[in-house]
Amino acid sequence: MPFVLKEYPAKIGEKINVYLIKNHGLSPSNAQNLLDRGKVFDKEMKQLKKTDIITTEDIFISEFIGITKGLKPIFSTDDFAIFDKPSGIMVHPVNKFTPYCLLDEVKYHFGSSANIVHRIDAETSGLVLISKNKEAEIELKTMFEKKLYTKKYLAIANGILQNQKTINSPIKDDLASTIRVKMTTADDGKESLTIINPIKINHTKNQTLVEALPLTGRQHQIRVHLESIGHKILGDPIYGIDEIIADKYLCKELSPEDRLYHTSSHRLWLHADYLEFSYKDIIYKFHSKNKELLDFFNKN
């Protein structure tokens, strides 16, 4: 994820926010966001604020320049595209030192106006929808906010699940946990509903291949719901394990050997397998071509 400082000619005496709006085609809110995040500098490398007056003939803007590692979209239109993300790739950068993420490929293939519509966890593999322009981004993100889509996941769950389960347990931040990103089920949480359908059972490994349909969109929803009924997802490094181990994982201090020992696998076995939505009166249905999870389950 390379950020580079790009130099632009500027007009001395003009307000920096006015300059960005007039010369870079930014909306007032986008210009403000760029300045608030400290990405605009004068020639002396002083960060410029909204009310600052330009005092140098040039300014510098820190811009995201996407790189590629060969990942290509599996489908593309003028307004959106679909990526089939492998496990282990973050969707967005954590900070400016993040070496690579899916956003790199998005910007590399489709330019600065392209963006990611929704998130999945770094270790979750599967389908991710991206927009190619601001108009499409607004419409598609609104679609996700209103839950006007169908998304199905595959997961390898510990234990034997014989019948369909509807998990209707509210979810909220786990305030009792030392793990900042951890969620939990609680009566005072936000409404959360997941349907779990068992597909295949491996009695030898005491595992069940399941299809999960999250009808709401809470953080870690499928992981939390399966763990709450005693069927945590195989390889989960946060839920259903000692928090000391989870903290080491999040701090990147857990060795691959310890990860395997404590979670029974090298990755989280959760996969975004199916996505369906309507856009401009056309219904789109996408199936992932990544069969890593199915192959792993079937050879165990």
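The values are calculated or read from the model by the stated rules, or taken from the named source; none is laboratory data. Worth saying up front: this structure is predicted, and the values here are computed from it rather than measured. So basically every Cβ, Gly included, is an ideal-geometry build from the backbone, and we count neighbours across all protein chains shown. Each accessible area value is taken on the protein alone, full model and side chains, heavy atoms only, with ligands, DNA and RNA left out. Shrake-Rupley method; radii C 1.70, N 1.55, O 1.52, S 1.80 Å.
Looking at this model, which pairs from 11/49; 152/172; 107/147 are more than 24 angstrom apart at the alpha-carbon? Mind showing how you got there, number by number?
Numbers: 11/49 16 Å; 152/172 22 Å; 107/147 26 Å.
Check vs 24 Å cut-off fails for 107/147.
Hey, can you grab everything whose amide H is under 5 Å from the amide H of residue 265? Only 5+ residues off in sequence or another chain; H modelled, so Pro and N-termini drop out.
So residue 265 has HN proximity to 235.
For the range 88-158 and the range 1-72, what is the centre-to-centre distance using only Cα atoms, to the nearest Å?
A separation of 25 Å, based on Cα centres.
If each DSSP helix of 4+ residues adds -39,500 (n - 2.57) and the sum is divided by the residues in the chain, what number results at 222 nm, nearest 500 deg cm²/dmol?
About -6500 deg cm²/dmol.
Just to check I understand the Karplus step: with θ = phi - 60° and J = 6.51 cos²θ - 1.76 cosθ + 1.60, what whole-Hz values come out for the range 58-73, glycine and proline as x?
Rounded to whole hertz, the list is 9, 10, 10, 10, 7, 10, 7, 10, x, 10, 10, 10, x, 6, 10, x.
Which net charge results when you count Lys and Arg as +1 and Asp and Glu as -1 among the other residues whose beta-carbon is under 14 Å from that of residue 299?
Neighbourhood net charge equals +1.
Considering the convex hull of the alpha carbon atoms of the range 1-155, report its projected area averaged over all viewing directions, in nm², one decimal. Write out the running numbers ahead of the final one.
Values: hull surface 40.6 nm².
Taking a quarter of the hull surface, the average projection is 10.2 nm².
On a C-alpha basis, how far is the centre of the range 244-300 from the centre of the range 169-241 in Å? Whole number, if you could?
13
Once ligands and nucleic acids are excluded and a 1.4 Å probe is used, how much of residue 295 is accessible, expressed in Å² to the nearest 10?
We get 90 Å² for residue 295.
Accessible area per residue of the range 170-300 at 1.4 Å probe, in Å²?
On the way: 7080 Å² over 131 residues.
The answer is 54 Å² per residue.
By per-residue mean of other Cβ atoms within 10 Å, what is the highest-first order of 136-143, 171-178, 5-12, 154-161?
154-161, 136-143, 171-178, 5-12
Would you grab the residues whose amide H sits under 5 Å from the one on residue 279? Only those 5+ places off in sequence or on another chain, please, with H modelled 1.01 Å from N.
Residues meeting the criterion, in which the H sits 1.01 Å from N, are 284.
Residues of the range 1-46: accessible area per residue at 1.4 Å, in Å²? Display every interim value, and only then the final one.
Details: 2790 Å² over 46 residues.
Here the per-residue accessible area is 61 Å².
How big is Rg to Rh over the chain, alpha-carbon atoms, Rh as the Kirkwood inverse-mean-distance radius?
Rounded to two decimals, Rg/Rh equals 1.03.
Give a residue-ordered list of calculated ³J(HN,Hα) values for the range 29-41 (Karplus: 6.51 cos²θ - 1.76 cosθ + 1.60, θ = phi - 60°; whole Hz; x for Gly, Pro).
5, 5, 5, 4, 4, 4, 6, 4, 8, x, 9, 10, 9
Report, ordered by chain and residue number, the aspartates and glutamates lying within cross-link reach of residue 248, taken as a straight Cα distance under 14 Å and ignoring same-chain residues fewer than 8 apart.
In chain and number order, the partners are 236, 257, 258.
Counting each pair of different Cα atoms once, what's the Kirkwood radius of the range 195-300 in Å, rounded to one decimal? List each step's numbers first, then the result.
Working: mean 1/r = 0.0641 Å⁻¹.
It works out to 15.6 Å.
Under the Karplus relation 6.51 cos²θ - 1.76 cosθ + 1.60, θ = phi - 60°, what is the ordered set of whole-Hz ³J(HN,Hα) values for the range 237-254, x standing for Gly and Pro?
With coefficients 6.51, -1.76 and 1.60, one gets x, 10, 9, x, 10, 4, 5, 5, 5, 4, 5, 4, 4, 5, 8, 6, 10, 9 Hz.
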